[in-house]
1. Answer yes or no: is there a residue in the range 187-195 that is of a type in the set (D, E, K, R), surrounded by 13 or more Cβ atoms within 10 Å (Cβ to Cβ) and in contact (Cβ under 8 Å) with a residue 24 or more places away in the chain.
2. If TRP130 satisfies all but one of (1) modelled with pLDDT of 90 or more; (2) of a type outside the set (S, T, N, Q); (3) more than 20 Å from ASP271 (Cβ to Cβ), what's the number of the condition it fails?
3. Just to be sure, is GLN246 surrounded by 13 or more Cβ atoms within 10 Å (Cβ to Cβ), within 20 Å of the chain's Cα centre (by Cα), in a strand (DSSP E or B) and of a type outside the set (Phe, Trp, Tyr)?
4. Does GLN273 satisfy the condition of being among the polar types (S, T, N, Q) and either within 17 Å of ALA99 (Cα to Cα) or open to solvent by 40 Å² or more (accessible area, probe 1.4 Å) (or both)?
5. Taking the criterion of being touching an Asp or Glu at 6+ places or on another chain (Cβ under 6 Å) and outside any strand (DSSP E or B), would at least one residue in the range 201-208 satisfy it?
6. Can you tell me which of ALA193, ALA255 is within 24 Å of VAL85 (Cβ to Cβ) and at pLDDT below 95?
7. Return the only residue of LEU229, LEU241 being touching an Asp or Glu at 6+ places or on another chain (Cβ under 9 Å), outside any loop (DSSP other than H, G, I, E, B) and at pLDDT 95 or above.
8. Please pick out the residue among ALA146, ALA83 that is modelled with pLDDT of 90 or more and touching a helix residue (DSSP H, G or I) at 6+ places or on another chain (Cβ under 8 Å).
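The values are calculated or read from the model by the stated rules, or taken from the named source; none is laboratory data. Please read all numbers here as calculations on a predicted model, not as lab measurements. Don't worry about glycine lacking a Cβ; one is built from the backbone with ideal geometry, like all the others, and counts go over all protein chains shown. Areas reflect the complete protein model, heavy atoms only, side chains present, ligands, DNA and RNA absent. Shrake-Rupley method; radii C 1.70, N 1.55, O 1.52, S 1.80 Å.
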Amino acid sequence: MNKVVPIMMAMALTAPLSLSAMQIASANLTSANLTSANLTSANLTSANLTSDATVVVGSATKPKFTAHSAKDVSKAADAADSANVLLKKRLHGLQQYHAAFNQTVTDAQGNIVHEAQGTLTMMRPNKLRWETTFPDETLLIADGEAVWNIDTFVEQVTIISQDQAIKDNPIVLLTANDDETWDSFVISKLDDAKASSTLEQYQIVPKSTDGQIKSLTLGFNSDGILSTLDMLDAQDQTSALVFSKQDLDFAIDTAKDNLFSVDVPQSYIIDDQR
């Protein structure tokens, strides 16, 4: 099973996955189970900087940017700023979020390698519960400080530091408000030609190339509610989540007590890797 989505989500948002939490952290902390459409960083970074003329300095050449190039750069910067503002506005509505999901993971050739169904619950700040009901029952909880992966089949709990788990993971933007975190990513709003559906879609690409996630694409429906989450990992494996039955108004106090706390049975083995 691919545990990439939960652990990457629980740690960034926290972030979620699908084998054992440790197998994820060491092997697959990569595809947060979400497919991405047109995840090319070129769309986000290139500003069509033309070099109509060059100035020769010794044996090297330097591009001479024209007024047209500068204008393109300015437009690209304005578009990025606009995308940041729009996405922040959308995510501000996710103070709490619960939904059922269908997950499909595909390899670089487009072959389906894993499918799952379950529920996702998130609450600011930094809390997440990822639970699958098919093909197996799994549970992953991020409580704001640690990510707990509970494997009832082998009666084992694996614990990972949430801070380390979310490093360079674009999922972190689901719950982060600070400018420093947002400045670590390049955000673009996909237009109709690039978007893979009629949803309002935003693509998030880490500026650092050291992380396991190449890009994240979030899709919002006409009511501004998160409906899809697609992720592309460093191994070119993609994970696509499609949400349904979204609930933004569940009881917060009850959720804190029942959804984001972990009561480990005495018979379980605890693998604490914090």
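1. Yes, the range 187-195 has at least one match.
2. Here TRP130 clears every test but (3).
3. In short, yes.
4. In short, yes.
5. yes
6. On inspection, the qualifying residue turns out to be ALA193.
7. Testing whether each residue is touching an Asp or Glu at 6+ places or on another chain (Cβ under 9 Å), outside any loop (DSSP other than H, G, I, E, B) and at pLDDT 95 or above leaves just LEU241.
8. So the residue among ALA146, ALA83 that is modelled with pLDDT of 90 or more and touching a helix residue (DSSP H, G or I) at 6+ places or on another chain (Cβ under 8 Å) is ALA146.
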